[in-house]
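These notes are about the structure you will find just below.
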Amino acid sequence: PTTPAAPRRDLAIRAAVEQGLVSGDQQPLAGLLDLAAVRESAAALHSAFAEVAADGQRVLHTFAVKAGSLVPVLRLLDDCGIGAEVASPGELALARAAGVHPDRTVLDSPAKTASELHEALNTGIALNADNPEELARLDALRPDADARLGLRVNPQLGGGAIDAMSTATATSKFGVALRDEGARAWVVRAYRQRPWLTRLHCHVGSQGMALETMAAGVRATYELAEEINAAVGHQQVSTLDIGGGLPVNFDTDEITPSYADYARLLANTVPGLFDGRYGLVTEFGRSLLAKAGSIVARVEYAKSAGGRPIAVTHAGAQVAVRTVFAPDAWPIRVRAYDPKGLSKHASTAEPAAVGAATGSTAVEEVAQDVAGPCCFAGDLVARDRVLPRLEAGDHAALLDTGAYYFSNPFGYNSLPRPGVYGFTCAADEAQEAHSGDIRFLPVRSPQSVEELITESGGAHRDALLGRAEAAD
């Protein structure tokens, strides 16, 4: 057994400070990824579906690359038996760079170009068409019987708690809207006319979606596949892509809901899904990585305004875009650490509740804002949050940020992208773990100022002046 996830996180944050991954002016923040937690998450996914699937049933789990677009992370997941779901040429390139085989790659996007479709057919990756016009483009490319092609449908079940994450609304931009007049009949006819259409895809949304709604979307997809196969007289649809979207608990360290919860609900809601007649594809993203990641940032200044303390840190909208711009929909936990990377806790807390292995500092708890470095007033990752008081030189950790946060930065104020590091812990539960047991592995190097200038057109400095000479 390994050291539990929360103590591993505290040890890693202390070690990141001690080893200089978060230090000084040059590296005031870093992303940390718990590799054991990633492997545990992948194993839980495999186990959950294996428990309900028929013997020998084909099940391919893929990772939504948008949730963690970092080549070493995709490589790690591939090693854990998780393929790649890509939604752009860039994401496909990242999956290839990570060594993900075409047989374990699925292309989904509402705006695929003709060249993307052609490339998918030539390389043998699976592809789900989004709409009738895209299907017509595929017709022109004359797919053969070996192509792994499907159609995305929208069962129009309604939205969840976060509108922007709901993809099965009546007017969603994704897929063929099944309840629109004539749409269902058109889908059945499209399959009868195209023997090479052998897959069916549906994804009802993520984060804020009730598991029952997700399962209803899978049921609607399964029932449509049964209708199509009955209409053509044989099992033409042989694979169901049921998407992903398992919500993540951002309130505590508890992993809930679990993959097992969802798989059992699917088995009860759609029994035929697991009788072995259909191959299955999943496209989970956030739920595989979120709990494994933290962003650690130095507190540069402590101040107050209107009587409220404000900790000005180096982690804001450039790494926590959704939390800053939609705080009600995307709140995250913030944990306080002292200048040495030791956890800060309320002075009234029982010492035993803190844990001797990681160390801690007892301080006063106050309601405070935790602000980022971006030059606009709303750059706050926590508002009026009760936390141990953060002072200059302390560290603030943004928890549950392994998905989306440090892998998809926002270029506001030309702030350089932080380094990202995976970590392992050599100690197990039987030992007293120490920060020296933490080993860091590079995932993405901190972006240098020179790289930032290049990205911002530095090589073309004089181009707009109409001069032929190159910049110095």
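The values are calculated or read from the model by the stated rules, or taken from the named source; none is laboratory data. Computed from a predicted structure; not experimentally measured. Because the Cβ atoms are built from the backbone with ideal geometry, glycine has one as well, and the counts that use them run over all protein chains shown. Heads up: the accessible areas ignore ligands, DNA and RNA and are worked out on the full protein's heavy atoms, side chains in. Shrake-Rupley method; radii C 1.70, N 1.55, O 1.52, S 1.80 Å.
Odds and ends about this structure:
- Filter result (of a type in the set (A, V, I, L, M), open to solvent by 30 Å² or more (accessible area, probe 1.4 Å) and part of a loop (DSSP other than H, G, I, E, B)) within the stretch 59-89: Ala87
- Given (1) farther than 18 Å from His314 by Cβ; (2) buried (at least 22 other Cβ atoms within 10 Å of the Cβ), number of the condition Ala50 does not satisfy: (2)
A quick yes/no check of all residues on (1) within 17 Å of Ala225 (Cβ to Cβ); (2) outside the structural domain of Leu246 (by the TED database); (3) in a helix (DSSP H, G or I):
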residue: Asn122; (1), (2), (3): no, no, yes
residue: Gly160; (1), (2), (3): no, no, no
residue: Ala164; (1), (2), (3): no, no, yes
residue: Ala170; (1), (2), (3): no, no, no
residue: Arg184; (1), (2), (3): yes, no, yes
residue: Arg192; (1), (2), (3): yes, no, yes
residue: Pro195; (1), (2), (3): yes, no, no
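- Matching residues in the stretch 90-147 - criterion: being of a type in the set (D, E, K, R), surrounded by 13 or more Cβ atoms within 10 Å (Cβ to Cβ) and farther than 19 Å from Arg194 by Cα: Glu91, Arg96, Arg104, Asp108, Lys112, Glu116, Glu119
- When Tyr421 is tested against (1) closer than 21 Å to Ala15 by Cβ; (2) modelled with pLDDT under 95; (3) among the hydroxyl-bearing types (Ser, Thr, Tyr), exactly one condition is not met: (2).
- If the condition is being without any contact (Cβ under 8 Å) to a residue 40 or more places away in the chain and open to solvent by less than 50 Å² (accessible area, probe 1.4 Å), then the stretch 148-166 contributes only Gln156.
- Leading residue by the ranking (surrounded by the most Cβ atoms within 10 Å (Cβ to Cβ)) among those in the stretch 308-351 that are over 14 Å from Leu29 (Cβ atoms) and among the β-branched types (Val, Ile, Thr): Thr323
- All positions within the stretch 209-235 that are aliphatic (A, V, I, L, M) and more than 34 Å from the chain's Cα centre (by Cα): Ala230, Ala231, Val232
- If you go through the stretch 421-445 and pick out every residue that is under 19 Å from Gly24 (Cα atoms) and assigned to a loop (DSSP other than H, G, I, E, B), you end up with 1.
- Residues of the stretch 406-420 satisfying the condition of being outside any loop (DSSP other than H, G, I, E, B), among the hydroxyl-bearing types (Ser, Thr, Tyr) and open to solvent by less than 50 Å² (accessible area, probe 1.4 Å): none
- The lone exception for Glu226 - which of (1) loosely packed, with under 14 Cβ neighbours inside 10 Å; (2) farther than 22 Å from Thr167 by Cβ it fails: (1)
- For the stretch 271-284, the set of residues classified as buried (at least 24 other Cβ atoms within 10 Å of the Cβ) and farther than 15 Å from Leu60 by Cβ is empty.
- Pairs with Cβ under 6 Å, 6+ apart, first in the stretch 315-331 and assigned by the TED database to the domain that holds Tyr405 and at pLDDT 95 or above, second open to solvent by 10 Å² or more (accessible area, probe 1.4 Å) and among the aliphatic types (A, V, I, L, M): Ala315/Leu29; Gln318/Leu415
- Verdict on Gly233 being on the phi > 0 side of the Ramachandran plot, touching a residue at least 60 places away in the same chain (Cβ under 8 Å) and of a type outside the set (S, T, N, Q): no
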